[in-house]
1. List the number of the failed condition for E112; all other conditions in (1) touching a residue at least 24 places away in the same chain (Cβ under 8 Å); (2) over 25 Å from L189 (Cβ atoms) hold.
2. Which is at pLDDT below 95 and farther than 28 Å from A216 by Cβ, of Q30, Q7, Q3, Q43?
3. What number goes with the only condition from (1) closer than 23 Å to L138 by Cα; (2) out of contact with any Gly (no Cβ under 8 Å at 6 or more places or on another chain) that A48 does not pass?
4. Tell me yes or no: at least one residue of segment 68-77 is more than 17 Å from H234 (Cβ to Cβ), open to solvent by 10 Å² or more (accessible area, probe 1.4 Å) and under 16 Å from the mean Cα position of the chain (by Cα).
5. In contact with a helix residue (DSSP H, G or I) (Cβ under 7 Å, 6 or more places away or on another chain), more than 19 Å from L118 (Cβ to Cβ), without any contact (Cβ under 8 Å) to a residue 60 or more places away in the chain and open to solvent by less than 50 Å² (accessible area, probe 1.4 Å): is that true of L196 in this structure?
6. Out of all the residues in segment 69-116, which are aliphatic (A, V, I, L, M) and outside any helix (DSSP H, G or I)?
7. What number of residues within segment 201-234 are part of a loop (DSSP other than H, G, I, E, B) and either charged (D, E, K, R) or under 20 Å from A164 (Cα atoms) (or both)?
Amino acid sequence: MTQRTLQAIRHVGFEDLGSFEAPLRAAGYQIEYIDAAERDLSQLDPLAADLLVVLGGPIGVYDHDRYPLVSDELELLRMRLAADRPTLGICLGAQLMAAALGSIVYPGPAKEIGWSTLELAASAGYQPLAALRDVAVLHWHGDTFDLPEGCTLLASTPLCRQQAFVRGQNVLGLQFHPEVRGDRFEHWLLGHASELANSGIDPVTLRHDAKRHASALEQAGAIILGDWLAKLKH
C-alpha cells in the first residue's frame, strides 16, 4: 500500500478526525495533527502534505483581528487550493476554504446545532455524499458562506443552503460534521457547554439524538470518505 502524508489542522482538542481517523490510516495515510494554538501556521509548507484536512472550531473566519492565526490559515489555503492539492474542510475548515476561494463568510440566520438529514443536490455529475441520503448528521455552526466560484453545491438544509461543496475531485468542503464519534460525543457537550447554555439548547436532547444517530453516521461517513479518497488526484 502506498504511504501518504496527512496534516490535520486542529483548533480544539476534541474536534479531531474522529471516526475518519481509522479509515484514513487504513487507506495508507500517516496522520500528523497540527494544533493551531501551538504551531506557527505561517511556517507550514502549504503543498507538502498529500492531504490537508482543516477541522472545526469555535471561532469565525472574520475573527482574524482577535485570532491572527486565521489569517495564516487563509493564506495557507489560498496557496494550496490554487495548486489544486487534495484538501478537505469540516465546519470552520469549510468556511476557511470558502473564504480562501474568494467567498464571504458571515453569520447565518440562527445557530444550527443538532442532528438532522441533508437535502442532497440533484445532479447528474459527481455526488460524493450519496451514502448520507436519509442519514442524520451533526450540525454545529452559526456562520455560513456564499458558494465559491467554480464550485458545485452538494447539500443543503432549510436553515443553511451551503452545507457542502466540491471543486473538481480534490477539494471538498463540509459545513456539517460527518466525523463525530458517538462514544466521544460527551466531549462536545462539555467543551461547548457555554454555547449551548447561551443558545438555549438542551444537551440532554443532543445526547439522546447522538445515541440514536451516531452509529449510522459513522458507517455512512466511512463510505463517503473512502469514495472521495479513491478519486483524489495526487
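The values are calculated or read from the model by the stated rules, or taken from the named source; none is laboratory data. Owing to the predicted nature of the structure, the values given are computational and were not obtained by experimental measurement. Every residue, glycine among them, receives a Cβ derived from its backbone with ideal geometry; neighbour counts consider all protein chains shown. Side chains are part of the model used for accessible areas, which takes the heavy atoms of the whole protein and leaves out ligands, DNA and RNA. Shrake-Rupley method; radii C 1.70, N 1.55, O 1.52, S 1.80 Å.
1. Here E112 meets the rest and fails (2).
2. None of the others qualify; the one that does is Q3.
3. (1)
4. Checking segment 68-77: at least one residue is more than 17 Å from H234 (Cβ to Cβ), open to solvent by 10 Å² or more (accessible area, probe 1.4 Å) and under 16 Å from the mean Cα position of the chain (by Cα).
5. When the stated conditions are applied, L196 does not pass them.
6. Residues satisfying the conditions are A83, L88, I90, L101, I104, V105, A110, I113.
7. 3
Rundown of residues vs (1) of a type in the set (S, T, N, Q); (2) modelled with pLDDT of 95 or more; (3) open to solvent by 30 Å² or more (accessible area, probe 1.4 Å), yes/no style:
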residue: F165; (1), (2), (3): no, yes, no
residue: H192; (1), (2), (3): no, yes, no
residue: H213; (1), (2), (3): no, yes, yes
residue: A220; (1), (2), (3): no, yes, no
residue: H234; (1), (2), (3): no, no, yes
